[in-house]
Amino acid sequence: MRLILPLPGNEIFARRLADEGAWELGAMETRRFPDGETYVRILSEVKGKAVDLVCTLARPDDGFLRLIFAADAARNLGARQVNLVAPYLSYMRQDRRFQSGEAVSSRSFARLVSSSFDRLLTVDPHLHRYSALSPLYTMPTDTLHAAPLLADWIAAEVDKPLIIGPDEESDQWVSAIAARIGAPHAVLRKVRHGDRHVEVKLPDLSKWRGRQPVLADDIASSGNTLIEAARQLPLQGFVRPVVAVVHAIFADDSFQRLAALCDRIVSTDSVPHESSSVRLASLVAKAIASAPDDEGDLIRHRRPPEELDEVK
């Protein structure tokens, strides 16, 4: 038996996931004590079940302890398996020590998550210097890809698209979208001068003038790369671009700034956002259903259920 258990803010995604897999949808109660500490109570029966905690990890700091407490509670209450479904996986940016004394937070975060869950399922993590999640996470991981879903949306909604990637690193990802729908593609040159300052240079795109530019990216965080690209495209005679991204983080007012320059912005529902139009539940449900069972070494944290303490 399988229980889909959403963390606060993830109820819609979890409901869609449960519906796709015909699984039970659970519930929990959380609140803050006056001193800021977190209270967690699982309201559904978990004993003997595979429990999938659903929690997108965009802006994770405020709710991370709540997630860990929920995972530990599920295990203590007798869950057969405790997995994390994180459509967006955070803390992939700091993947090396750039300056003396820095915390390599991607490794630290991976150790914390790996110590609490049996399996991790995520969508398009922002791998940079790592080729996969396995060098970081010490549990089985499933990495899913949303590019085909974005490609299908573009094919259905955009006439004569030109797929444009934000930098050279995106070429393989953008070319896959373009190849799936038979569209041309190009990539920009990006020079980053800090967390919020990037310089974008467009190649000569004049041979594709008359096509609808579609800026495609895996993550829109500060949004500055997309904003700069959207500003420059009209200088080459193009109409306002469409933007298609997997993870709509959009810090501060970046969404409003980008929307003023674009025809339309669409994202997946990996992060709850007003631009979320491409649903991932079917993709995730298929991966969950096809995952190996819990025999052998998969269950690394199983423990006997704890007795209830007497309530006075």
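The values are calculated or read from the model by the stated rules, or taken from the named source; none is laboratory data. Source: prediction; values computed, not measured. FYI the Cβ positions are ideal-geometry reconstructions off the backbone, even for glycines, and counts take in every protein chain you see.
For the stretch 92-106, a residue qualifies if it is closer than 17 Å to Leu136 by Cα and part of a loop (DSSP other than H, G, I, E, B), and the qualifying residues are Met92, Arg93, Gln94, Asp95, Arg96, Arg97, Ala103, Val104.
Checked against the criterion of being assigned by TED's automatic domain parsing to the domain that holds Gln172 and buried (at least 18 other Cβ atoms within 10 Å of the Cβ), the candidates Asp252, Asp217 yield just one match: Asp217. Evaluate the following for Ser222: is it outside any helix (DSSP H, G or I), assigned by TED's automatic domain parsing to the domain that holds Phe98 and small (Gly, Ala, Ser)? No: the conditions fail for Ser222. Every test in (1) farther than 16 Å from Pro6 by Cα; (2) surrounded by fewer than 21 Cβ atoms within 10 Å (Cβ to Cβ) is passed by Val113 save one, and that test is (2). Does Ala260 satisfy being buried (at least 17 other Cβ atoms within 10 Å of the Cβ), of a type in the set (A, V, I, L, M, F, W, C) and either modelled with pLDDT of 95 or more or out of contact with any helix residue (DSSP H, G or I) (no Cβ under 8 Å at 6 or more places or on another chain) (or both)? When the stated conditions are applied, Ala260 does not pass them.
For every residue, the table says whether it meets (1) in contact (Cβ under 8 Å) with a residue 40 or more places away in the chain; (2) among the hydroxyl-bearing types (Ser, Thr, Tyr); (3) under 19 Å from Val174 (Cα atoms).
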site: Thr225; (1), (2), (3): yes, yes, yes
site: Val239; (1), (2), (3): no, no, no
site: Val242; (1), (2), (3): yes, no, yes
site: His247; (1), (2), (3): yes, no, yes
site: Phe250; (1), (2), (3): no, no, no
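Of all residues in the stretch 116-134, those satisfying the criterion of being surrounded by 14 or more Cβ atoms within 10 Å (Cβ to Cβ) and either part of a loop (DSSP other than H, G, I, E, B) or of a type in the set (Asp, Glu) (or both) are Ser116, Phe117, Asp118, Asp124, Pro125, His126, Leu127, Tyr130, Leu133. Give all pairs with beta carbons closer than 7 Å in which a residue from the stretch 1-22 that is in contact (Cβ under 8 Å) with a residue 24 or more places away in the chain meets a residue that is surrounded by fewer than 19 Cβ atoms within 10 Å (Cβ to Cβ) and among the hydroxyl-bearing types (Ser, Thr, Tyr); count only pairs at least 6 apart in sequence or on separate chains. Close Cβ pairs (under 7 Å, with a partner that is surrounded by fewer than 19 Cβ atoms within 10 Å (Cβ to Cβ) and among the hydroxyl-bearing types (Ser, Thr, Tyr)) amount to Leu3/Ser44; Leu5/Ser44; Pro8/Thr30; Glu20/Ser282.
Take Asp61 and tell me if it is under 30 Å from Ile219 (Cα atoms), touching a His at 6+ places or on another chain (Cβ under 8 Å) and assigned to a loop (DSSP other than H, G, I, E, B). Answer is no for this residue.
The set of residues in the stretch 135-156 being within 18 Å of the chain's Cα centre (by Cα), more than 16 Å from Ser267 (Cβ to Cβ) and not in a loop (DSSP other than H, G, I, E, B) consists of Thr141, Asp142, Thr143.
Inspect the stretch 278-288 for any residue being modelled with pLDDT under 95 and either assigned to a loop (DSSP other than H, G, I, E, B) or under 19 Å from the mean Cα position of the chain (by Cα) (or both) and give the result as yes or no. Checking the stretch 278-288: not a single residue is modelled with pLDDT under 95 and either assigned to a loop (DSSP other than H, G, I, E, B) or under 19 Å from the mean Cα position of the chain (by Cα) (or both). Would you check if Thr143 is at pLDDT 95 or above, among the polar types (S, T, N, Q), surrounded by fewer than 17 Cβ atoms within 10 Å (Cβ to Cβ) and touching an Asp or Glu at 6+ places or on another chain (Cβ under 8 Å)? Taking the combined requirement at face value, the residue satisfies it.
Within the span defined as the stretch 108-120, every residue fails to be in contact (Cβ under 8 Å) with a residue 12 or more places away in the chain, closer than 30 Å to Leu205 by Cβ and charged (D, E, K, R). In the condition set (1) in a loop (DSSP other than H, G, I, E, B); (2) modelled with pLDDT under 95; (3) in the same structural domain as Pro213 (by TED's automatic domain parsing), Asp159 is compliant with all but (2). Out of all the residues in the stretch 188-203, is one or more surrounded by fewer than 17 Cβ atoms within 10 Å (Cβ to Cβ), touching a Pro at 6+ places or on another chain (Cβ under 8 Å), modelled with pLDDT under 95 and farther than 16 Å from Val246 by Cα? Among the residues of the stretch 188-203, at least one is surrounded by fewer than 17 Cβ atoms within 10 Å (Cβ to Cβ), touching a Pro at 6+ places or on another chain (Cβ under 8 Å), modelled with pLDDT under 95 and farther than 16 Å from Val246 by Cα, which makes the answer yes.
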